[in-house]
Amino acid sequence: MRGAYLVADVRSAEAEAMARVPDGALMARAAFGLAVTCGKWLAGRGLRVRDADVVVLAGSGNNGGDALFAAAQLAGRGAAVTVVALSPAVHGGGVAAVRAAGGRMLTAADDLDAALAATSAADLVLDGIVGIGGSGPLRPTAAALAEAGRGRIIAVDLPSGIDPDTGAVADPDACVHAEVTVTFGALKAGLCVAPGREYAGLVHLIDIGLAALGEVPPALWVMNLATAGAHVPRPGPADDKYTRGVVGVVAGSTAYPGAGILCTGAARFGGVGMVRYAGGAPDVVVPRWPDVVPSHTGPAFAGRVQAWVVGPGAGTDAAAKERLAEAISVPVPLLIDADGITLVADNADLRAAVVARTAPTLFTPHAGEFARLGGELDTAGGRVAAVARLAAELDSVILLKGAATVVASAQGPAVVSASGPPDLATAGSGDVLSGLAGSMLAAHRGMPSADAVRDIAAAAAYLHGTAGRLAAVDGRPIVSDDVLAAVPEAIAVSRTATPL
């Protein structure tokens, strides 16, 4: 996994690095990496640098300087470069470099019409408006220029208008929507979580030598494919179906049998040797998956398991409550989803029993279920802080589903998993994730710590997202059964991925 950092830590590491290298060296490294990325982006659109019209929206920050020096390099390769100054204090050295390379200058305050026309006509727009020291929405002039360049913007360090630490966007109409973000030295936490991630586009990290960050704990971790795959253990020559782990599933009911099929089907692939089914739709689930072992009792007497999954389509009646209460009482890891979350939210006795557990508990809510449990997303500190707060309140691990899924325990950095395509917004997708994550928990040898549960859950989310991408390849419309079918391929692909 790769770490993502807060601005204060990045600033400190930059200061340490600048004390060791010649003046301007870090900016030169950043500008070179940015110029290379711009050239590749233009080539991907069938354009040569020497034929491209490039506009730089330059504010007063250092990212404006990075953009200007990169633009000077592009101008030196033949690009037609126009700098739109949004501040009287743009980087002097960068302006001089652009002018020396043949670029022209416009001042937005003096000639906004010309600036808008140039930005609208550009092949590439560099967002150097506000750096990581900025906050709040863009001013109207900057927002208008950003809108004029939309669809062709490469953001410098981060899109202007997002909070670099939390990813919060104060005003969606006054924020840069980038196709690509080129960030320097380290990932900024705000690039990795919603809504900032959606404004950043593809993120490229340029190493500029911030060695001091190696001594600083990140604000959060970002899951990747190779790490995700490593959390699905392979069987060894001495293994049998029991030593590999057994996962128990309470999912599905006469009202929602499909949830049982999807959840149980996915549970077969997370590394375990056996799946026990103790849900409310055995007549549907077991014939579909004949390798699954049915149980005719609740979780407390179903037989040996290393983890339970309870809730998808399981109902909220008295029988469902009893099955959940039994699962809570079993001293193994427990994943609670969907109807199980509703039961915990509505029953103080179940909530208290969860908090009192000695074995780890993992909740996997979507935003509505998160709120039902008492989580608040629209508060200071952003999405990661909100998930960590609820994790502390429930003494559990919380996986908040989304385009960038956030997983947090009561302590330690959160993990973000952002592999999933929008196609995963389909009925039953979460049931597949629950079965896969529960299986991976059961396949973990020994009782996992809260941090291990967090990492396993984030890995499951990443593999689930990868399965969604594989299923939806070439624009195929998909349903959750397609995602389930692609889970084995996602795991296979992850096992050949290059570690980061």
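Bear in mind that the values in this text are calculations on the coordinates, not laboratory data. Remember, predicted model here, so these are calculated numbers, not experimental data. Here the Cβ is made from the backbone with ideal geometry for all residues, glycine too, and neighbour counts use every protein chain on show.
What to note about this one:
- Ranked by how many other beta carbons lie within 10 Å on average, peptides 141-152, 349-360, 48-59, 159-170 from highest: 159-170, 48-59, 141-152, 349-360
- For Rg/Rh (Cα atoms, Kirkwood Rh), computed directly from the structure shown, the correct entry in [x] 0.96; [y] 0.98; [z] 1.05 is [z].
- Sequence-separation-based contact order of region 49-127, relative, with Cα cut under 8 Å and 6+ spacing, percent: 40 percent
- With all pairs of different C-alpha atoms in the average, the Kirkwood value for the hydrodynamic radius of region 199-246 is 15.3 Å.
- Relative contact order, whole percent, for region 181-234 stands at 38, derived from Cα pairs under 8 Å and 6 or more residues apart.
- Residue among His444, Ala367, Gly428 farthest towards the positive dipole end of region 346-446, charges placed on Cβ: His444
- With contributions of -39500 (n - 2.57) from each DSSP H run of at least four residues, the per-residue ellipticity at 222 nm computed over the chain stands at -12500 deg cm²/dmol.
- For the chain, size of Cβ-based charge dipole, Lys and Arg +1, Asp and Glu -1, in debye: 1100 debye
- Peptide packing for 8-21, 431-444, 72-85, 333-346 was compared via the average number of neighbouring C-beta atoms within 10 Å per residue; ordered from the highest value, the list is 431-444, 333-346, 72-85, 8-21.
- Taking the chain and dividing mean pair separation by its residue count, relative contact order in percent (alpha carbons under 8 Å, at least six apart): 13 percent
- Among 400-412, 473-485, the order from most to least packed when residues are scored by Cβ within 10 Å on average: 400-412, 473-485
- Bridge orientation summary for the chain: considering DSSP beta bridges with both residues in this region, about 15 percent are antiparallel.
- Selection among Val387, Gly209, Ile132 by position relative to the dipole of the chain gives Gly209 as farthest towards the positive end (Cβ unit charges, Cα centre).
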